[in-house]
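Take a look at the structure below.
Every read-out reported here was derived from the displayed coordinates using simple, explicitly stated rules and does not represent laboratory data. Predicted model, so just to flag it, every value in this text is computed and none were measured. Here the Cβ positions follow ideal geometry from the backbone for every residue, glycine too, while neighbour counts run over all protein chains shown.
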Amino acid sequence: MSSPETKTPVVRFRNVSKAFPGVLAVDSVDLDILPGEIHVVAGENGAGKSTLMKLLSQVERPSGGEVEISGEPVEFHGPRYAQSLGVAMVYQEFALASHLSIAENLFMGREPGRFGFVNRRAESEEARGLLERVGLRTDPDRMVSSLAVAEQQRLEIAKTLAIDAKVVIMDEPTATLAEREIEDLFGVIRDLTSGGIAILYISHRLDEIFRIADRVTVMRDGKIVDTLPVGDLDEDKLVRLMVGRDIENLYPKTEVEIGDVVLRAEGITRANVLKDCSFEVRSGEILGFAGLVGAGRTELARAVFGADRMDSGTVELEGRELNIMNPQDAIEAGIGYLTEDRKSEGLALQLGVDQNITLAHVPTRFGFINLVEERRIARRRRDELNIRTPSIRRSVQVLSGGNQQKVVVAKWLETRARVLFFDEPARGIDVGAKAEMFGLIEDLAKEGRGIVIISSYLPELLNMCDRILVMHEGEVAGLIPRAEFSEERVMALATGIEEAA
Amino acid sequence: MSVTKRRVSRKEFLRLGGTGLAGAALLGTAGCQPKVRQSSGGGGGAGQKGPIRLAVVPKAVGFAFWEQVRIGAECAASKHEDVQVQWDGVTSETDVSGQVNLLQNFITQGVDGLVYAATDAKVLYQVTKQALDQGLVIVNIDSGTDPQPKQVPVVATDNVAAAARITKLMAKRLGKEGGKIAFIPFQPGTETNDTRTEGFKNVLKQNPQLDLVATQSSESNQNTALQVTNDILTAHPDLNAIYAANEPGVLGAAEAVRQAGESGKILIYGWDTASDEVKAVKDGVVVALVAQNPFRMGYDGVNEAVKKIRGGESVELKSIDTGATMITKDNVNEPEVQALLHPSCKNPPL
Amino acid sequence: MSSTATTEERAGGTLRERLSGVISQLAAAGALIVVFVFLSIASPVFLSADNLYNIGVQTSYTAVIAIGVTLVIITAGIDLSVGSVAALSGVVGVVLMAKAGVPVVLAILGGILVGAACGLVNGLLVSVAGLNPFIATLGMLSVARGMVYIPTNAKSVFGVPDSFRLLGQGVIGSIPIPIIVVAVVAVAGYVVLARTKLGRYAYAMGSNREAARLSGIPIRRYLTVVYVISGALAGFGGMIASSQVASGQPNFGIGLELDAIAAAVIGGASLFGGQGTVVGTLIGAFLIALIRNGSVLLDVNIYYQQVIIGVVIWVAVLWDQYRRRRLAVSE
């Protein structure tokens, strides 16, 4: 790669600011994005990364300063205009019409053809070429709803090619991908940059920042803290820049005395999804579920929890066999499940922090909700879990991801659960909040609960767990004790290279 | 009410053109009192000799008024040989497109004639035209179309004249000083509503001492009529009289006046003869009601249609005014009025 | 990180929180006040005791029905059948007392039960059969209307005992009974929404059905109960309306579901669920009644009234959305 200083920047922010009522979300930012570079913007939630991107893609109008594209200052005319200038955005939640075909999605709003008729053949052919470039070898006439998540993302990237983007903004593109898919995605991204496209990449994950970035800009409180070539950074330095202080230990694993078996699941089977899966969790133990996306980790947890039906299998809690027909039964027995997707499955977003905390266990007196008790519980949990909210009655949708996650944890603590399943507990939350979350999980284990962590990010499991159960295609591929932990071993089992012992 | 299933001959069934229409036809007849007839060949020459099938379609089924039309129509049918009446209608007088569809279904089924009341004069003209083109005989009852084809007679109350008569009663009662009057129409834009308004306003023009202070529609809903009358009474505590253009309006106004303790002080004049309206006349809450003769509309409507079908092209039909009777406390118990209020084939108000 | 919120922050937050709860009804309340003041000036009789009494009485059945609909809307559902159900209940209740000689109170209960039964069918179709609420209740809109037309031939049913008039027309002291009824239903509705599991779960189901299910809430049971309540209140509203005109009206309530939904929406309920209050809905219902009343007092054509009400719905909801967006952005 040639020295970046010599090129004209694709995007230049000059003293750009964005004020919302009461907040300066972006504060006097100066930043150059060079053609062909992968520029990571890092920072905690609320640091202003997403707002900065919205100023570029013209979703929001800057309150001050100027944005230049290819050396020309641009006026503000909204997202479509930004697109026409070559600014494309790959959204975290894909903006695809699932009932239309791949080709129809690719050309939505710009269908080839005349007089209001769509030239379907031209559409298909052009689509094939674009899909090729993002490594998506499939029929352009397929319905988008039949695509896997990773494939849908490729389609989103292909859409940016379809508009001849000069700069592509990616907001946490790996959040929903498994390890192997991430590697493939990075390959595609590198291919794009070799053609001169600049990538603006927003990420929380430290490891992938080091894998993909050319340069890293760290934001905090709306300001740029520093912009550095990735070679000048190490993990500690990056975290320090993001958080503004030292994080001592991201994974605060300590020695906990492991007790008796709390939960034993045997022969859990669900047609086409789970085949004869068994595992046990002991009191004080943290068990990890590893595996590729679709290996059945979430499905196994959901089956045990009664969220999905199981065809056969037994679940025992502290030696008592349970008959779990629905989540209600599981909760009554003492099992909790923190879903992977907080917003769509974990929280009632419009309800208050207090109401979410007590949702699974509403305190009542004489048939009426005991509001005094409810608020007492909510305050206690807020202090205990250090949930940062201006008020316990504030609706949870305004909280940060980390604090939302803590509200979910508080809800399950209220059910007095003996076993807690954490499905991707650190997804979409800050580095600081992540450390806090794992500290919290560790504390819960210390109190004698059985913990299961499901994660696609191996370092989390390798650092936090006592044992890791690896799944492959709906079956338990192997169980690794802490002494034998290694990334290679997990991957070998997860990909089916190594057969279960 | 007994329900007789209509038997459909094979030939007739084929004419219905498929099960969907057959279903519609059977549904259409359920709940009525059709005569059972065997099909026995078609007619010929100038007039049709064989059985006649007539569709009689009111503006809406249910209301007392239309029930009496039905009784009259079926009475007339029973007095002819081989005449069968199919009674069906939409459930709301505002359901114009529903009525259009219904009539078109009847045309498709191949009835010999349509005796119907148009829910919308302009829209239904298209249906009339279509039916005439297919050689059907058409008689309008109660409400005609715009334009009114010369071969289609209207068998109806002269609403303008009747409205003028009752308004004159009101003017006479209020005397020289006159007074403040409220008007409760029910569906501005419909012919019936507008003709009843026209006769009323004509008389107002001749009597400047009558001061129209409020006009509020009941939307043919008694609760709405009650509410608007309440509000009118609030706005005009010195109101002298109310003219209500149909049953829900009269009943709602009567209820409001009764609740306000103004029975007999605020004079109510109106249309139609539902049992509670007549009771209100006897109680003195309502001064006078325009009683139409819906039985005769049904009766004459069917007779005219049969006359033309049997007689052939040469027969020319004329429109008929079925008349209106002003019902007051004085005449309400007389036999002619009772026959009008409770018509039957045995005691027809003719 | 140990920056626990200070006491001041907490107090401030709570105050702000309370305010934002109130503000959500401000749009409707503001419009109510504007219309009220306007009418006070425009019509000399508007503020008379008689007129205010009339408005209260006229709003009564719409308000009772709208409270039930609000509960359904909070669960992200909709009940389109309330107008038809009210007519069916009203007629059945009147037939019971006028034709079958059932004592008035029992006949009223009978009418309410008929409404509840319709609600039960709606509820089961939605929660067990999995029909979209719009479809389930659209079907009931037609079924209930048909069922009231079949036996009555769409003819009004007369002959109610005089004591039945008390429900819709009576007064206790100088307070109209229908207003007392609305107050009782509103207080009960408020308590249910704010202080019972049913209310809490309604908000939770409307806010996030899956989160509610995974929190162990028996969705089907509570959803069914919500529709039963809506049906029962529709039935009750139908009885009040019947009492006001001392007859059973098969044609009653055509389009009433839209008034009820409009009242709820003007009052801040969101058709996407999770939001709505009894107070807001009452304000919405009164606003609609005020517009109707004022239009008659000023002798405005009824069709203009419909235009005005439509515009009020737009303005109230647009204002509400604008406010929420601002609130969300300022976080």
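Summary table below
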{"item": "Residue B:150/residue B:122 FRET efficiency (R0 25 Å; Cβ-Cβ; nearest 0.05)", "result": "0.90"}
{"item": "Dimensionless Rg over Rh [segment C:86-245; C-alpha; Kirkwood]", "result": "1.04"}
{"item": "Between segment A:244-309 and segment A:125-176, the alpha-carbon center distance in angstrom", "result": "33"}
{"item": "Sequence ranges A:132-139, C:207-214, ranked by mean other-Cβ count within 10 angstrom, highest first", "result": "C:207-214, A:132-139"}
{"item": "Pairwise FRET efficiency - residue A:80 versus residue C:143, Cβ, R0 = 41 Å, nearest 0.05", "result": "0.30"}
{"item": "Sequence of A:13, A:20, C:134, B:63 once ranked by neighbouring C-beta atoms within 10 Å, starting from the fewest", "result": "C:134, A:20, A:13, B:63"}
{"item": "Rounded to whole Å, sorted largest first: equivalent-ellipsoid semi-axes of segment C:187-331, Cα gyration tensor", "result": "30, 23, 11"}
{"item": "Full-stretch length increase - residue C:190, residue C:322 - with 0.36 nm per residue and alpha-carbon distance subtracted", "result": "44.9 nm"}
{"item": "Filter on B:150/B:307; A:406/A:446; B:49/B:150 - keep pairs with C-alpha separation over 22 Å", "result": "B:49/B:150"}
{"item": "Cα gyration tensor category, rounded, prolate or oblate, for segment B:159-298 with a/c compared to 1.5", "result": "rounded"}
{"item": "Ranked by how many other beta carbons lie within 10 Å on average, peptides B:274-285, C:265-276 from highest", "result": "C:265-276, B:274-285"}
{"item": "Projected label distance in nm at residue C:311 and residue A:8, using a 7 Å step from Cα toward the beta-carbon", "result": "5.3"}
{"item": "Cβ-placed point charges (K, R +1; D, E -1), dipole of the protein assembly as shown about Cα centre in debye, nearest 20", "result": "4300"}
{"item": "Mean ellipticity per residue at 222 nm, deg cm²/dmol - from DSSP H runs of n ≥ 4 across the protein assembly as shown, formula -39500 (n - 2.57)", "result": "-15000 deg cm²/dmol"}
{"item": "Percentage of interatomic Cα-Cα distances in chain B larger than 25 Å", "result": "53"}
{"item": "Amide N of segment A:134-149 lying under 20 Å from the label point, which is placed 7 angstrom from the Cα of residue A:120 along Cα→Cβ", "result": "A:138-147"}
{"item": "Set of aspartates and glutamates near residue B:282 by C-alpha distance (under 20 Å), chain-local residues within fewer than 8 positions excluded", "result": "B:247, B:255, B:262, B:272, B:330, B:334, B:336, C:162"}
{"item": "Alpha-carbon centroids, segment B:283-350 and segment A:349-422: separation in whole Å", "result": "74"}
{"item": "Residue mean of other protein chain beta carbons inside 10 Å, B:216-229", "result": "6"}
{"item": "Charge-dipole axis of the protein assembly as shown as Lys and Arg at +1 and Asp and Glu at -1 on Cβ define it, positive-most pick from C:52, C:316, A:421", "result": "C:52"}
{"item": "Tensor-based shape of segment A:172-285 (alpha-carbon gyration tensor, a/c under 1.5 rounded, otherwise prolate or oblate)", "result": "oblate"}
{"item": "Among B:60, B:339, B:324: highest mean-square fluctuation, GNM of chain B, C-alpha pairs under 10 Å", "result": "B:339"}
{"item": "Selection of GluC sites (Glu not before Pro), segment A:4-84, meeting DSSP coil and at most 14 other Cβ within 10 Å", "result": "A:75"}
{"item": "Added length on full extension, which subtracts the Cα-Cα distance from 0.36 nm per residue, residue A:98 to residue A:227", "result": "42.6 nm"}
{"item": "All lysines inside 21 Å of residue B:205 as judged from Cα atoms, apart from same-chain residues fewer than 8 positions distant", "result": "B:168, B:172, B:176, B:180"}
{"item": "For segment A:246-379, size of Cβ-based charge dipole, Lys and Arg +1, Asp and Glu -1, in debye", "result": "460"}
{"item": "Segments B:49-58, B:222-231, C:170-179 sorted - mean Cβ within 10 Å per residue, highest first", "result": "B:222-231, B:49-58, C:170-179"}
{"item": "GluC sites (Glu not before Pro) lying in DSSP loop within segment B:151-224, provided at most 14 other Cβ fall within 10 Å", "result": "B:177"}
{"item": "Lys/Arg +1, Asp/Glu -1 at C-beta; the protein assembly as shown dipole; positive extreme among C:87, A:461, C:249", "result": "C:249"}
{"item": "Leading residue at positive end of dipole, chain B (Cβ point charges), from B:206, B:193, B:343", "result": "B:343"}
{"item": "Relative compactness, the protein assembly as shown, computed as alpha-carbon Rg over 2.2 N^0.38 Å", "result": "1.16"}
{"item": "In segment B:284-341, trypsin sites (Lys or Arg not before Pro) in a DSSP loop with at most 14 other beta-carbon atoms within 10 Å", "result": "B:318, B:329"}
